[in-house]
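**Q** Structure incoming, see below.
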Amino acid sequence: MPYLREIVTDGHPTLRKVAKRVDPKELRDPLIQQLIDDMFETMYDAPGIGLAAPQVNISKRIFTVDLQDGNPEHGPFVVVNPKFDSTEGEIEWTEGCLSVPGLVGEVTRFERVSVSGLDRHGKRISFSAEGLFAICLQHEIDHLNGVLYVDKVKDLRPAQTDEELEAAERAASLP
Ligand code: ZN
């Protein structure tokens, strides 16, 4: 049974570490499979659209993502050892983060990205993404490198409008 893990917040040292690559053999370990199930449970409960393992105090290169917009190309996915295959364009986006509660701010991101990695069984997967999905992938990969969006933000501020509150709560973003 999946259970909820505690989401650690800015100031916690695990959020600032470069997370460790996962040996594909490790994916056979029931504890890693449990972690992935728990990450989905924790992400949906938060609720959020993405969650990286360091946010639940596990320094491994794993994140979950699900935009929950009814499009199967937008998740649910878990990506292990992700890397960018290509990046293109530039876009400003208002982001929030489950590990930085109540705040939002504008971040400059790539407009389109291609990302590849492994699925939970060690099979190679790849995505091309734009818009919110591309932003989310970049935000989660930053987490695996010990980077928070607050490091890149122009105008970190308390979430005020309904849309901003939603972005802060969902760790999501607004166009
Ligand atoms: Zn985050």
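The values are calculated or read from the model by the stated rules, or taken from the named source; none is laboratory data. Since this is a predicted model, take the numbers as computed values, not measurements. Heads up, the Cβs are rebuilt from the backbone with ideal geometry, glycines too, and the neighbour counts pull from every protein chain shown. Note: areas computed on protein heavy atoms with side chains; ligands, DNA, RNA excluded. Shrake-Rupley method; radii C 1.70, N 1.55, O 1.52, S 1.80 Å.
**Q** On a straight-distance basis, which aspartates and glutamates could pair with Lys154 in a cross-link, Cα separation under 17 angstrom, same-chain partners fewer than 8 positions away excluded?
**A** Those aspartates and glutamates meeting the cut-off are Glu90, Glu92, Glu95, Glu106, Asp142, Glu164.
**Q** Within segment 13-172, what whole-number % of the accessible surface is contributed by carbon and sulfur, with the 1.4 Å probe and all protein chains included in the calculation?
**A** Numbers: 3680 of 7280 Å².
Whole-percent figure for carbon plus sulfur exposure: 51.
**Q** For the pair Val150 and His12, how long in nm is the line joining their label points, each one 7 Å along Cα→Cβ?
**A** Result for the modelled spin labels: 1.3 nm.
**Q** Evaluate 2.2 N^0.38 Å with N set to the residue count of segment 1-70, then give the Cα radius of gyration divided by it.
**A** Working: Rg = 12.1 Å, N = 70, 2.2 N^0.38 = 11.1 Å.
Dividing the Cα Rg of segment 1-70 by 2.2 N^0.38 Å gives 1.09.
**Q** Something else about it: Please turn the phi angles of segment 109-121 into ³J(HN,Hα) values with the Karplus equation 6.51 cos²θ - 1.76 cosθ + 1.60 (θ = phi - 60°), one per residue in order, whole Hz, x for glycine and proline.
**A** In residue order, the calculated couplings are 10, 5, 7, 9, 9, 10, 10, 10, x, 10, 7, 5, 9 Hz.
**Q** Which whole-Hz couplings ³J(HN,Hα) result when phi for each residue of segment 38-51 is put into the Karplus expression 6.51 cos²θ - 1.76 cosθ + 1.60, θ = phi - 60°, listed in order with x for Gly and Pro?
**A** Working through the residues one at a time gives 5, 5, 4, 4, 5, 5, 5, 5, 3, x, x, 9, x, 8 Hz.
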